[in-house]
1. Any chance the stretch 259-272 includes a residue that's loosely packed, with under 11 Cβ neighbours inside 10 Å and at pLDDT 90 or above?
2. Of all residues in the stretch 101-123, how many are surrounded by fewer than 20 Cβ atoms within 10 Å (Cβ to Cβ) and at pLDDT 85 or above?
3. Just a yes or no: is a residue in the stretch 30-47 in a strand (DSSP E or B), of a type in the set (A, V, I, L, M, F, W, C) and at pLDDT below 75?
4. Could you grab me the full set of residues in the stretch 152-176 that are of a type in the set (A, V, I, L, M), within 20 Å of Thr35 (Cβ to Cβ) and modelled with pLDDT of 80 or more?
5. Can you confirm whether the stretch 237-244 contains a residue that is more than 16 Å from Val319 (Cα to Cα), small (Gly, Ala, Ser), within 28 Å of the chain's Cα centre (by Cα) and buried (at least 17 other Cβ atoms within 10 Å of the Cβ)?
6. Within the bounds of the stretch 136-143, is there any residue that is within 22 Å of Trp30 (Cα to Cα), at pLDDT below 85 and assigned to a helix (DSSP H, G or I)?
7. Kindly evaluate Glu208 against the criterion of being of a type outside the set (S, T, N, Q), under 18 Å from Arg261 (Cα atoms) and modelled with pLDDT of 85 or more.
8. Residues of the stretch 311-328 being of a type outside the set (S, T, N, Q), farther than 8 Å from Leu260 by Cα and not in a strand (DSSP E or B), which ones?
Amino acid sequence: MKSGLQFFIIIMLGFFITCVAASAQQGETWRVRTTTEMQGMTLPAQTMEQCFPVGSGNTTEVAMMMLRQQNDDCQISNLRQSGNMVSADVKCAIGQNSLEGRMELEMFDDTMRGTMTAKVAGSAMTTKFENTKLGKACVVPASAKVDRVTDDLETCQMSLDMMKEMGKQMGATGLALQASVFLYPLSGPGKREVDCKQHPSFKNFCSELQTLDGFSSMDNYAGMESLPASLEICGLGSETALRAMILSQAEKEGRWNYLLRSGGDEYYSKLVALAKKECSGRSFTNIDDPKYRNLCSNYGTALVNGNRTGALMAAGCMVEVPERNICIGLNR
């Protein structure tokens, strides 16, 4: 079952990626730009050029099309127009969840701009969009058939770029956020499901998942429940086997914070014994092996004194997960 955050991400990745399916006819090119704010973050603006039938790029019908990317799953109600101002209520059923909001826009000869405020999965979002006529002639396709491979790759790249920007704003590593792009189909043009495992970045994602930094980035609130599914789609075997390899690597590199958070009882006992041997009764400047200075200065006292909670908190543990024998929290 997807978490609220993951569900929110998936909805936002595809909600405004649209195309027009109409009879083949002369068209005109419009630039479509959307920006979205959610959960205190501003997502990167999404800009694309689309071919609309001549005279339709600033019409109510196009505005409704943009908001009804899910087509049959969305309903528009209370549609009202006064002069160049249009407003409507929007409700989309998506699985067991729903998006409900209100759209307001104003239309001019060469532009259409508006705002939609909505709630989805219990979170608020505000999306601003603007259509601008570019004046270039184009041909509206007879159907939604396009170069599917190129078009799907562009959809995936747009989504991956959005995840990268979200990671920066959240102060989080990008791997756990990328997982949402590869694990769940995105909504592409023509209400088509897009599988991003065809994107070149997928191989990089699977390779990074086998590194200490990549694997550890999944052991937190954003990625924990995505980890088993990510290992499955990458064909990397069981979480237990890969975690054992990663823990061994962390031990060799002296990544004490990760060992405390994700090593469970076995590694905690090892670190207590190691702290008593290398840290007990010594000052920071008298540590014989530089490898253990970080262990002794940050965790040594708590480990030697049997203060398990203190040691875990110092390592960035926020919540223990007993059934998995790990902590989740900050990657320090």
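1. No, the stretch 259-272 contains no residue that is loosely packed, with under 11 Cβ neighbours inside 10 Å and at pLDDT 90 or above.
2. Taking the stretch 101-123 first, the residues surrounded by fewer than 20 Cβ atoms within 10 Å (Cβ to Cβ) are 102, 104, 106, 108-111, 113, 115, 117, 119, 121-123.
Now restrict to residues that are at pLDDT 85 or above: 102, 104, 106, 110-111, 113, 115, 117.
Going through the stretch 101-123 one residue at a time, the tally reaches 8.
3. To start, the set of residues in the stretch 30-47 that are in a strand (DSSP E or B) comprises 30-38, 41-42, 46-47.
Narrowing further to those that are of a type in the set (A, V, I, L, M, F, W, C): 30, 32, 38, 41.
If we keep only those that are at pLDDT below 75 as well, we get none.
Scanning the stretch 30-47 turns up no residue that is in a strand (DSSP E or B), of a type in the set (A, V, I, L, M, F, W, C) and at pLDDT below 75.
4. Within the stretch 152-176, the first condition is being of a type in the set (A, V, I, L, M), and the residues that meet it are 153, 158, 160, 162-163, 166, 170, 172, 175-176.
Narrowing the set further to residues that are within 20 Å of Thr35 (Cβ to Cβ) leaves 158, 160, 162-163, 166, 170.
Across the stretch 152-176, the qualifying residue is only Leu160.
5. We begin by selecting, within the stretch 237-244, every residue more than 16 Å from Val319 (Cα to Cα); these are 237-244.
Right, trim to small (Gly, Ala, Ser) and you get 237-238, 241, 244.
In the following step, the residues that additionally are within 28 Å of the chain's Cα centre (by Cα) were identified as 237-238, 241, 244.
Narrowing further to those that are buried (at least 17 other Cβ atoms within 10 Å of the Cβ): none.
Within the stretch 237-244, not a single residue is more than 16 Å from Val319 (Cα to Cα), small (Gly, Ala, Ser), within 28 Å of the chain's Cα centre (by Cα) and buried (at least 17 other Cβ atoms within 10 Å of the Cβ).
6. No, the conditions are met nowhere in the stretch 136-143.
7. Values: of a type outside the set (S, T, N, Q): yes; under 18 Å from Arg261 (Cα atoms): no; modelled with pLDDT of 85 or more: yes.
Against the criterion (of a type outside the set (S, T, N, Q), under 18 Å from Arg261 (Cα atoms) and modelled with pLDDT of 85 or more), Glu208 does not qualify.
8. Listed by number, the residues that qualify are Met313, Ala314, Gly316, Pro322, Glu323, Arg324.
The values are calculated or read from the model by the stated rules, or taken from the named source; none is laboratory data. These numbers come from a predicted model, not from an experiment. Counting neighbours? That spans all protein chains shown, and the Cβs are built from the backbone with ideal geometry, glycine included.
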